[in-house]
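Visitor: Please see the structure below; I have some questions.
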Amino acid sequence: MHPNSLFSEDLAPVPAERRSWNTWNYAALWISMSLCIPTYMLASSLIEGGMNWWQAILTIFLGNLVVLVPMILNGHAGAKYGIPFPVFARASFGTRGANIPAMLRAIVACGWFGIQTWIGGFALYQMFRVWFPSLDHLPQIFPAWFGLQTGPAISFVLFWLLNMYVVYLGVESIKKLLVFKAFFLPV
């Protein structure tokens with residue numbers, strides 16, 4: 001249909017009738033991204049570093065607020081016109097230049113995904129240890145210098161596979177979960 005490399009279905013604007021996310025869904029997404037295990041870990045490290053609990057919460061809240069403003073500005077075109085970030089970036093960086101911010105964004109996303117997946121995998125590992133105490137005694141499949149034990153590695157892969165299943169289902173599959181999480185997690 002479109003023989004050149006400048007168009008694909010992934011880059012096409014989402015038609016208005018297929019845009020099912022409203023302001024509350026986007027707010028729930030932001031709250032869900034802000035209230036997550038790495039944020040709690042950051043808060044605990046700030047407290048350990050000498051802050052009071054309210055200073056740590058205020059610092060994280062202000063940090064999330066500072067990040068929210070550019071995120072809203074950056075996502076406005078996508079929400080209003082249904083275009084993905086690489087298409088939006090073409091206006092500023094040109095057709096080929098838009099690949100640079102898109103790749104930078106992808107690298108950051110991969111790093112954050114790795115952090116979240118490692119934490120989720122380790123949480124799975126701790127749960128599995130309750131049910132299967134022998135998980136601690138699995139033979140080591142990695143060299144010692146690698147610093148990774150078999151049990152946590154298996155849990156990481158399982159959590160990664162669970163994430164890949166959610167990716168396969170698409171963003172619509174988590175919309176209700178995000179709203180639920182945004183409401184109940186702070187409570």
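Visitor: Out of L29, L62, L58, L46, which single residue is over 26 Å from V171 (Cβ atoms) and crowded, with 16+ Cβ neighbours inside 10 Å?
Guide: Of the residues listed, the single one that is over 26 Å from V171 (Cβ atoms) and crowded, with 16+ Cβ neighbours inside 10 Å is L46.
Visitor: From the set of residues in the stretch 120-166 that are in contact with a Pro (Cβ under 8 Å, 6 or more places away or on another chain) and touching a residue at least 24 places away in the same chain (Cβ under 8 Å), which is surrounded by the fewest Cβ atoms within 10 Å (Cβ to Cβ)?
Guide: In this case the residue turns out to be F122.
Visitor: Let me ask something additional. Being touching a helix residue (DSSP H, G or I) at 6+ places or on another chain (Cβ under 7 Å) and hydroxyl-bearing (S, T, Y) is the filter here, so list the residues in the stretch 146-187 that pass it.
Guide: Hits for the stretch 146-187 are S155, S173.
Visitor: What's the total number of residues in the stretch 102-137 that are under 22 Å from V167 (Cβ atoms) and not charged (D, E, K, R)?
Guide: Residues meeting the conditions: 23.
Visitor: Quick check on L135: is it at pLDDT below 90, in contact with a Ser or Thr (Cβ under 9 Å, 6 or more places away or on another chain), farther than 29 Å from R18 by Cβ and assigned to a helix (DSSP H, G or I)?
Guide: yes
Visitor: In this structure, does W112 turn out to be surrounded by 12 or more Cβ atoms within 10 Å (Cβ to Cβ), touching a residue at least 12 places away in the same chain (Cβ under 8 Å) and either farther than 23 Å from T23 by Cβ or out of contact with any helix residue (DSSP H, G or I) (no Cβ under 9 Å at 6 or more places or on another chain) (or both)?
Guide: No; evaluated as a whole, the condition is false for this residue.
Visitor: Answer with yes or no whether G50 is within 30 Å of S8 (Cα to Cα) and of a type outside the set (V, I, T).
Guide: In short, no.
Visitor: Do any residues in the stretch 59-77 that are in contact (Cβ under 8 Å) with a residue 12 or more places away in the chain and farther than 18 Å from M41 by Cα have Cβ atoms under 6 Å from those of residues that are in a helix (DSSP H, G or I) and β-branched (V, I, T), where the two are at least six apart or on different chains, and which pairs are they?
Guide: none
Visitor: Quick check on the stretch 72-119: of everything there that is part of a loop (DSSP other than H, G, I, E, B) and of a type in the set (A, V, I, L, M, F, W, C), which residue is farthest from I37 (Cα to Cα)?
Guide: Filtering first and then ranking leaves A98.
Visitor: Which is loosely packed, with under 15 Cβ neighbours inside 10 Å, charged (D, E, K, R) and out of contact with any Pro (no Cβ under 9 Å at 6 or more places or on another chain), of K181, K176?
Guide: Details: K181 fails: loosely packed, with under 15 Cβ neighbours inside 10 Å.
Sole residue among the options that is loosely packed, with under 15 Cβ neighbours inside 10 Å, charged (D, E, K, R) and out of contact with any Pro (no Cβ under 9 Å at 6 or more places or on another chain): K176.
The values are calculated or read from the model by the stated rules, or taken from the named source; none is laboratory data. Remember, predicted model here, so these are calculated numbers, not experimental data. FYI the Cβ positions are ideal-geometry reconstructions off the backbone, even for glycines, and counts take in every protein chain you see.
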